[in-house]
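Take a look at the structure below.
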Amino acid sequence: MNVKLLPLQKHGDDRGSLIALEEGQNVPFTVRRVYYLFETKEGVRRGFHAHKNLKQLVVAVRGSCRFLLDDGHEQIELVLDNPAQGLLVEAMVWREMYDFSEDCVLMVLADSLYDESDYIRDKAQFLALTQPESRS
Ligand code: T46
């Protein structure tokens, strides 16, 4: 699956911690947009889409949430609960996010500006596009 958990180096000292995200260093793409999800209500499930081209690095800078990731062949579930870990999600991966802790702040670095036409919001259409015959 086009998904990877990347360790992010923590610069900790007796004052606290700091993590730097640097394009071409620990962020493997050109960063064109940053957004963050916060104040997500209890019981809410978000996402429910894939991207045709977008690459993103997702960091739970505070709190935690779960991800369901599906590339049409395999599904994985994982927890993001560590600001020293980045979840790299490349194109054509269906994502759903849920079990947000009350304090969760999910920061996302993206390689493109917001573009609704890059979203696939219909799961059946996504699954059809991931089948080998759809590429011929
Ligand atoms: C993703 C997951 C992790 C904008 O106007 N600009 C933006 O850059 C974004 C990301 C969203 N929006 C608007 C579009 C909607 O009216 O904000 C509203 C909420 O967006 P959406 O329903 O797409 O949010 P999520 O949480 O379902 O998904 C978001 C990202 O859209 C998506 O790319 O991978 O977070």
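How high is the relative contact order of the range 1-118, in percent, with contacts defined as C-alpha pairs under 8 Å that are six or more residues apart?
Averaging sequence separation for qualifying contacts and normalising by length gives 38 percent for the range 1-118.
Would you order SER17, SER101 from fewest to most other beta-carbon atoms within 10 Å of each residue's own beta-carbon?
Sorted ascending by nearby Cβ count, the order is SER17, SER101.
Check the straight Cα-Cα distances from LYS4 and name the lysines below 24 Å, setting aside those fewer than 8 residues away within the same chain.
Within reach: LYS52, LYS55, LYS123.
Taking a quarter of the surface of the convex hull around the Cα atoms of the range 17-128, what do you get in nm²?
Here the figure is 7.1 nm², rounded to one decimal.
For a test of the definition: using alpha carbon positions, the gyration tensor, and the 1.5 limit on a/c, classify the range 69-119 as rounded, prolate or oblate.
Oblate is the answer for the range 69-119, as a/c is 1.5 or above yet b/c matches or exceeds a/b.
Give me a comma-separated list of calculated 3J(HN,Hα) values for the range 73-83, in order, Karplus coefficients 6.51, -1.76, 1.60 applied at θ = phi - 60°, integers in Hz, x for any Gly or Pro.
For the range 73-83, the Karplus curve yields 10, 9, 10, 10, 10, 8, 9, 10, 8, 9, x Hz.
Read-outs throughout are calculated quantities, based only on the coordinates presented, and are distinct from any laboratory measurement. Being a predicted model, the structure only gives us computed values, none of them experimental. Note: ideal-geometry Cβ built from the backbone for every residue, glycine included; neighbour counts use all protein chains shown.
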